């Protein structure tokens, strides 16, 4: 692969700083506010008996919640990843790391992604930009990325809009589907394809199912907008104007979950994109997802300590448990069959 580690690492540092210090939310909402559960005044359940656990890719998980892929490649990112991993280990939830491209380019950065010592038992996701398959990334590089951090699965993320507004972004997406399929056929671990905040259409979902992906992380609009991040990174007025033009782009999270679940009901869906609490996760599961992921709230907590992240996770798990209790759902299967009511004004 080309030597770009210094610029890649610098960009990752910018991303952390901007996400912590600036308002980078999409101009769209997740759409989850348009749905509500039917309240059950007599749930015939005990709160302490509500079961949040389930299995995925051969591992037992404590709750349908995961720490979305965020960072790596800088000293600060390494501290953040270790804090996130310690919290994931204690609470029994999965975690993804940021793109391992920087570590492939510069092996000295590998330790900023390595979290197995802190989290030996978690379901861990490696992560690479799918478009890099059109820029020299090989199946062997995918294999190396999984092995270098001891991951259980590989995320290939899709970010065409982000790349298009980024100066010198990688925008050659033609022919990428065949290369994704080649990775899925060859890699020894499950391959998850993820959007980064603009959602999946039914067409994209069917294409990726046919390419043999193991799961999709739909990452809909309503949370972090990477065009807004690039607006804050822009060095010229034209770059800022171009990036800001796309503040309301994408398919809201609630909408893309339903679109994708309808198109590929047999494929596990991870919901992310603007989720903030356990009720949001419960709604996504009722709409067709198997679990929900958060990034921003965990990033802000991980800057402080593992305990701050653990507190956030436990809050979200408690919110989810209470939501299921009040909706009369004893476990995740029951929750997935719950009928949401769409607000009449939406």
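Only the coordinates and a few stated rules stand behind these numbers; no lab work does. Note that the structure is predicted; figures quoted are calculated from it, not measured. Every residue, glycine as well, gets a Cβ built from its backbone with ideal geometry; the counts of neighbours run over all protein chains shown.
Key figures
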{"item": "Evaluated at q = 0.17, 0.20, 0.21 Å⁻¹: base-10 log I(q)/I(0), Debye formula over Cα of the stretch 228-300", "result": "-0.73, -0.85, -0.88"}
{"item": "log10 of Debye I(q)/I(0), alpha-carbon scatterers only, for the stretch 1-138 at 0.09, 0.12, 0.13, 0.22 Å⁻¹", "result": "-0.39, -0.65, -0.74, -1.29"}
{"item": "Antiparallel DSSP beta bridges within the chain, as percent of all bridges there, nearest 5", "result": "20 percent"}
{"item": "0 to 90° range, to nearest 10: angle between helix 139-149 axis and the chain longest Cα axis", "result": "60 degrees"}
{"item": "Relative contact order [Cα under 8 Å, 6+ residues apart], the stretch 172-242, whole percent", "result": "31 percent"}
{"item": "Largest to smallest principal axis extent of the C-alpha atoms in the stretch 148-301, angstrom", "result": "45, 38, 33"}
{"item": "Whole-number D in µm² s⁻¹ for the stretch 65-177, Kirkwood Cα-pair radius fed into Stokes-Einstein, 37 °C, 0.692 mPa s", "result": "229 µm²/s"}
{"item": "Degrees separating the helix 5-21 axis from the principal Cα axis of the chain, which is the longest one", "result": "40 degrees"}
{"item": "Approximate spin-label separation residue 235-residue 174, in nm, with each point projected 7 Å along Cα-to-Cβ", "result": "2.9 nm"}
{"item": "C-alpha long axis of helix 278-287 to longest principal axis of the chain, angle in °", "result": "90 degrees"}
{"item": "Three-way shape call for the stretch 215-346 based on the alpha-carbon gyration tensor, with the a/c threshold at 1.5", "result": "oblate"}
{"item": "For the chain, alpha-carbon Rg relative to the globular expectation (2.2 N^0.38 Å, N residues)", "result": "0.94"}
{"item": "Mean Cβ neighbour count within 10 Å, used as a protection proxy, ranking 181-193, 95-107 highest first", "result": "95-107, 181-193"}
{"item": "In nm, spacing of pseudo-spin labels at residue 203 and residue 39 (7 Å Cα→C-beta vector)", "result": "4.4 nm"}
{"item": "Sequence-separation-based contact order of the chain, relative, with Cα cut under 8 Å and 6+ spacing, percent", "result": "24 percent"}
